[in-house]
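Participant: Quick one: the structure is below, questions incoming.
The values are calculated or read from the model by the stated rules, or taken from the named source; none is laboratory data. All values reported here derive from a predicted model rather than from experimental measurement. Don't worry about glycine lacking a Cβ; one is built from the backbone with ideal geometry, like all the others, and counts go over all protein chains shown. Only protein heavy atoms, including side chains, enter the accessible area calculation; ligands, DNA and RNA are left aside. Shrake-Rupley method; radii C 1.70, N 1.55, O 1.52, S 1.80 Å.
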Amino acid sequence: MQNNFTKSGDDSSVPKAPMTKKKPEMPPALTTIADMNNLFHMNPWSYELMESTVKVYVYKEGKKLIFHMPVLGNIYGSEGWFMKQLKTNKKFDTENPGEAHLFYLPFSSRMLKKTLYNYHRLKNLKKNLKNYVGTIAAKFVTKNPRDADFPSSSRMLNKTLDDYEPESPKNLIQYLKNYVDKIAAKYPFWNRTEGADRFMVACHDWAPSETREPMANCIRSLCNADVKEGYIFGKDVSLPETYVRNPQKPLEDLVGKQRSQHENFGKMPNVKGKMNYVQHLKRCKYCLCLRGYEVNSPRVVEAIFYECVPVIISDNFVPPFFEVLNWESFAVFILEKDIPNMKKILLSIPEEQYLQMQMSVKKV
């Protein structure tokens, strides 16, 4: 979190949050971890002072299922566990917004997409199908068999795709904008910093695009921490992504599915069972953490959890807790364009350097 904390009253011992008159500018697109280190300047922040003084107000506005309902399972579980722990840990929670230094927008990006987008898409699809059937009936149904026309299936398919495009996710952005407008109108605190002391936590791939406009000034904690997708370096926070299979025992079976082979390293042993994947993680010197559809991947958490040096292959990805952790001391970063040379790069790392990295992984 940033160290721009405000405090109610006239106490000047705690710095006031700065007034923000314009949206923060996005820095140039970054590629390497070295570029990120050069951009980020460590400040003498006091985390002890923060933990002893900071208070967070959780907005009560917002209806379930999108708000106030943490989803603790699946690949988006990180956002749910943050919500749950913040609400149950009374150390930081305050019921008085006048005492708050930070304000939490308690929505689930996973439920936002599942509730609104899926519903509207299904509703729109049913409407489109009904319209399409009506169009077919009007154009092609005739009582005279000699006048019958039988369009080709490809022509009908093209018409379906061209004329009846499913609804876009713009309604998700508008929904969040309406929520922010409601908060800003109800509370006097929003205009104090134009939302700069508000924060949200979201793990869905769409979260950066959903929140870029309605929450532009807010601190955004994102799993999809992609600089090219609007992640603001120095303001936003990178959130670790992990696959929580059992919410009752979140650290149990903390792995995904193993990859059968990789073009650079050949085929893995043909074994069955999830525990064999765990054994591979424990036995390997390096664990590949390639990007998925977006820059983030649960492989990073899996590798660290089983004390394997992660090899992160994801351009423009800001690693979790980058402001605190020295990632270059326990992880290897390889550019996507250098994937053909990956084996050569890893083999060139001296054994002593690897052992230091492996020891550092255990401390994370």
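Participant: With just the Cα atoms of the range 277-362, tell me how far they stretch along each of the three principal axes, in Å, largest first.
Facilitator: Between the extreme Cα coordinates on each principal axis of the range 277-362 lie 31, 29, 27 Å.
Participant: Could you sort the peptides 50-62, 304-316 by per-residue average Cβ neighbour count (10 Å cutoff), highest mean leading? Can you show the working numbers first?
Facilitator: Working: 50-62: 15.7, 304-316: 20.5.
So the peptides 50-62, 304-316, ranked by packing, come out 304-316, 50-62.
Participant: Tell me, in nm to one decimal, what length is gained between Lys363 and Leu65 on full extension, where the rule is 0.36 nm per residue of separation less the Cα-Cα distance? All intermediate terms of the calculation are to be shown ahead of the outcome.
Facilitator: Details: separation 298, 0.36 × 298 = 107.28 nm, distance 3.76 nm.
Difference between extended and current length: 103.5 nm.
Participant: Over the range 277-362, give the accessible area per residue in Å² for a 1.4 Å probe, as an integer.
Facilitator: Values: 4220 Å² over 86 residues.
Ligands and nucleic acids excluded, the figure is 49 Å² per residue.
Participant: Here's a follow-up. Tell me, in nm to one decimal, what length is gained between Asn96 and Lys249 on full extension, where the rule is 0.36 nm per residue of separation less the Cα-Cα distance? Please list the in-between numbers first.
Facilitator: Working: separation 153, 0.36 × 153 = 55.08 nm, distance 3.34 nm.
Length gained between Asn96 and Lys249: 51.7 nm.
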